[in-house]
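Trainee: For reference, the structure I am asking about is given below.
Each value in this text was obtained by applying a stated rule to the coordinates, not by laboratory testing. No experiment lies behind these values; they were computed from the predicted model shown. Backbone-built Cβ (ideal geometry, glycine too); neighbour counts: all protein chains shown.
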Ligand SMILES: [Mn+2]
């Protein structure tokens, strides 16, 4: 059932203690919307726990309240009477160890992925929204919850990262209106953008150097891809988020429409992250072919290894698409 904000607010107001979760390997939107909503609900007097299977990535620990995000093994037992998942398209985007905390309570699913499977008891999925953080802001505004500078910082981080710093086409007038409100609520734009974009570890440039050495150009320059073998991940001691940015660099090549990153994982599977510049060459459908999903212009999938075979299989679909239209 598609919910209105009003029914969502009514359901939340009936609960006292709320467990909030977001997807594994969290990005800025997963962390910012989790903490933004968590702090908002706390401000209304709810008892709140914020849980993610993985630790907050190093580059996002500056977000106010990030120390509040717990991992399920330390989360212990909860007395919550409601669970809310954020920015998570399907049940499989959240670890079983996190679902294990649910204890049979109702689940509200708040997300902006078009591939969302409506797995909650209540689902608020707005695939036109550029970030879950934007939906959280609209919810807070409708409910009249007060937005502190700390909350504003988290929501700004969520929206800024998922819109590529307000560059992707999903960035709307509503997005800029919301950001105006967030700045009014106390976000220091210079400071937060420096923390978000100009404070990364050297490893991120080292891995970029490695990956750009393996740059592969296909489809007459319209597809660019890079690969990350597990050996490089181990050698450089990479952490979550370190490879972010590489896809943006190759996506920025003038002739490129689709950019792809292939990452070999410890379990031998290959994680594929893909980006497109044009709606008619959407990567969401390609990722669906391989059991993944996401948005039209940004989507992901996991393929069986080895790395070279996964690259060939995925790129064959990309080349087919680019040749088609
Ligand atoms: Mn998101």
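Trainee: To the nearest 10 degrees, how steep is helix 202-213 against the longest Cα principal axis of the chain, on a 0 to 90 scale?
Mentor: The angle comes out at about 30 degrees.
Trainee: Residue separation times 0.36 nm, minus the C-alpha to C-alpha distance between residue 269 and residue 309: what's the value?
Mentor: 13.3 nm
Trainee: Points 7 angstrom from Cα along the Cβ direction at residue 317 and residue 138: gap in nanometres?
Mentor: Placing both labels 7 Å beyond Cα along the Cβ direction yields 2.9 nm.
Trainee: Here's another thing I want to ask about it. Which three numbers, in whole Å and largest first, are the semi-axes of the equivalent ellipsoid of the range 200-263 derived from its Cα gyration tensor as √(5λ)?
Mentor: That gives 22, 12, 8 Å for the three semi-axes.
Trainee: Continuing with the same structure: Give me 162, 27 ranked fewest to most by other Cβ atoms within 10 Å of their Cβ, as a rough exposure proxy. Please list the in-between numbers first.
Mentor: On the way: 162 29, 27 19.
The most exposed by this proxy come first: 27, 162.
Trainee: If I model the range 77-119 as equal point scatterers sitting on the Cα atoms and use the Debye formula, what is log10 I(q)/I(0) at q = 0.19, 0.25, 0.30 Å⁻¹?
Mentor: -0.56, -0.90, -1.16
Trainee: At a threshold of 8 angstrom on Cα-Cα distance, excluding pairs fewer than six apart, so keeping six or more, what relative contact order does the chain reach in percent?
Mentor: Working: 611 pairs, mean separation 43.3, N = 325.
Relative contact order for the chain comes out at 13 percent.
Trainee: Under the definition of Cα pairs under 8 Å and six or more residues apart, what whole-number percent is the relative contact order of the range 5-197? The partial results should precede the final answer.
Mentor: On the way: 365 pairs, mean separation 45.9, N = 193.
About 24 percent, as a whole number.
Trainee: At 0.36 nm per residue, and after removing the present C-alpha to C-alpha distance, how many nm does the segment from residue 149 to residue 10 gain when stretched out fully?
Mentor: 47.5 nm
Trainee: Over 5 Å intervals from 0, what percent of Cα-Cα pairs in the range 9-67 sits in each interval?
Mentor: That works out to 4, 20, 30, 22, 13, 9, 2, 0, in percent per bin.
Trainee: Kirkwood Rh over alpha-carbon pairs of the chain, then Stokes-Einstein at 10 °C and 1.306 mPa s: what D in µm² s⁻¹, rounded to an integer?
Mentor: 78 µm²/s
Trainee: In terms of the Cα gyration tensor, with a ≥ b ≥ c the square roots of its eigenvalues, is the range 104-176 rounded because a/c is under 1.5, prolate because a/b exceeds b/c, or oblate? Don't skip to the end; give the middle numbers.
Mentor: Values: a/c = 2.13, a/b = 1.24, b/c = 1.72.
It comes out oblate by the Cα gyration axes.
Trainee: Over all pairs of distinct alpha carbons, what does the Kirkwood formula give as the hydrodynamic radius of the range 1-112, in Å?
Mentor: On the way: mean 1/r = 0.0715 Å⁻¹.
Hydrodynamic radius (Kirkwood, Cα only) of the range 1-112 equals 14.0 Å.
Trainee: Peptides 277-286, 132-141: what's the order by average Cβ count within 10 Å, highest mean first? Before the final figure, lay out the partial values.
Mentor: Details: 277-286: 17.4, 132-141: 25.2.
Top of the packing list down: 132-141, 277-286.
Trainee: Quick check on the range 202-324: what does the Kirkwood estimate of hydrodynamic radius come out to from the alpha carbon pairs, in Å?
Mentor: 14.2 Å
Trainee: Between the range 212-257 and the range 268-325, what is the C-alpha centre distance in whole Å?
Mentor: Cα centroid of the range 212-257 versus Cα centroid of the range 268-325: 14 Å apart.
Trainee: If each Cα of the range 158-247 is one equal point scatterer, what is log10 of I(q)/I(0) from the Debye formula at q = 0.11, 0.12, 0.20 Å⁻¹?
Mentor: After summing over all Cα pairs, the log10 values are -0.47, -0.55, -1.00.
Trainee: Using the Kirkwood formula on the Cα atoms of the range 69-218, what hydrodynamic radius do you get, in angstrom to one decimal?
Mentor: By the Kirkwood definition, the hydrodynamic radius is 17.7 Å.
Trainee: For the range 256-325, what relative contact order do you get, as a whole percent, if you take Cα pairs closer than 8 Å and at least 6 residues apart?
Mentor: Numbers: 126 pairs, mean separation 20.2, N = 70.
This gives 29 percent for the range 256-325.
Trainee: Measure nothing fancy, just the Cα-based angle from helix 5-14's long axis to the longest principal axis of the chain, in degrees from 0 to 90, nearest 10.
Mentor: Tilt relative to the chain: about 50 degrees.
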